[in-house]
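Q: Take this structure, written in C-alpha cells, and hold onto it; I'll ask about it next.
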Amino acid sequence: MTTDQHTRALLLRLRRIEGQVRGIARMVEEDKYCIDILTQVSAASRALQSVALALLQEHMAHCLLHAAQAGELQQEAKLKEASDAIARLVRS
C-alpha cells in the first residue's frame, strides 16, 4: 500500500470513528440504556486502538527503517520514540 493509500485508509477509519462518537453523544442526549452506550464506547475505543496500531506499524516500517540506515544516533532516538509510544498505548 502506498503512503497516499495508507493515509486515505486511515482518514476513512477516523471519519467512521468520528461518526461513532457522534452517535454515542446522541445516545447520551437521548438517555439511552447505559450498557448500550458502554458497548458503543468500547467499540470506538477498539477502533481507535486499531488506528494507533496501524500508525505504529507504518512508523516502524518506514521511520525506524530509515533511522537504522542513517546511523546509530538517529536509530537510538527513533527506537526510544517508538518504545515510548508503545508504552503509552499499552497503558491506555
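Q: Among Ala68, Leu89, Ala43, which residue has its Cα positioned farthest towards the positive end of the charge dipole of the stretch 3-91, with +1 placed on the Cβ of Lys and Arg, -1 on the Cβ of Asp and Glu, and the dipole taken about the Cα centre?
A: Ala43
Q: Set the Förster radius R0 to 41 Å, insert the Cβ-Cβ distance between Glu29 and Gln74 as r into 1/(1 + (r/R0)^6), and round the FRET efficiency to 0.05.
A: Efficiency, rounded to the nearest 0.05: 0.25.
Q: Between 0 and 90 degrees, rounded to the nearest ten: what's the tilt of helix 3-29 against the longest Cα principal axis of the chain?
A: 30 degrees
Q: Mind checking the dipole of the chain: about its Cα centre, +1 per Lys or Arg Cβ, -1 per Asp or Glu Cβ, Debye to the nearest 20?
A: About 180 debye.
Q: Rg/Rh for the chain to two decimals, with Rh computed the Kirkwood way over all alpha-carbon pairs.
A: Result: Rg/Rh = 1.14.
Q: Pop a pseudo-label 7 angstrom from the Cα along the beta-carbon direction at both Leu38 and Arg15 and give the gap in nm to one decimal.
A: According to this spin-label approximation, the distance is 3.3 nm.
Q: Report, in degrees rounded to the nearest 10, the 0 to 90 angle that the Cα long axis of helix 72-91 makes with the longest principal axis of the chain.
A: It works out to around 20 degrees.
Taken together, the values in this text are just the output of simple stated rules run on the coordinates, not laboratory data. Values in this document were obtained by computation on a predicted structure and should not be read as measured data. Here the Cβ is made from the backbone with ideal geometry for all residues, glycine too, and neighbour counts use every protein chain on show.
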